[in-house]
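The values are calculated or read from the model by the stated rules, or taken from the named source; none is laboratory data. Quick caveat, the model's predicted, so the values are computed rather than measured. As a convention, Cβ positions derive from the backbone with ideal geometry for all residues, glycine included, and neighbour counts pool all protein chains shown.
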Amino acid sequence: MTKRDLIEELVRLYPRFSRRDAEVMVSAVFESLAEALRRGDRIEIRGFGSFVVKHRDAREGRNPRTGRRVTVAAKRVPFFKVGKELRLRVDGEEEEGTAVGVAETSATESLAMNRSR
């Protein structure tokens, strides 16, 4: 799914929002996430996963084309760790004692309730 697909899905689910409104909302969420990671904050989205920033030390690498040694500077990189619920849903399994369909139903019910407001 691309950013454009996400915007289209929002417009489809919530027709009261214009495409421009949906684009602004999606961009605001992504900017907020990026800014939080820039500050070194951890982002956790329950049932989905978490984003953290990991530090990678400087090291010596090789240029794959020439084979020459190159110095790779230290850097901070974003890292995503998938949540258990998402991992199970993607794998098509059910969590012990909880059917995956229950999470889907409650999410669908939430969307329906929000639309009726």
Margin query: So ALA22 passes all but one of these: (1) touching a residue at least 12 places away in the same chain (Cβ under 8 Å); (2) among the small types (Gly, Ala, Ser); (3) loosely packed, with under 14 Cβ neighbours inside 10 Å. Which condition number does it fail?
Written below: (3)
Margin query: Just the residues that are modelled with pLDDT of 95 or more and over 27 Å from VAL11 (Cα atoms), please, taken from segment 40-60.
Written below: ASP41, ARG42, VAL52, VAL53, LYS54, HIS55, ARG56, ASP57, ALA58, ARG59, GLU60
Next item on the list: Considering every residue within segment 29-39, establish whether at least one is within 15 Å of the chain's Cα centre (by Cα), polar (S, T, N, Q) and either farther than 25 Å from LEU88 by Cα or outside any strand (DSSP E or B) (or both).
Entry: yes
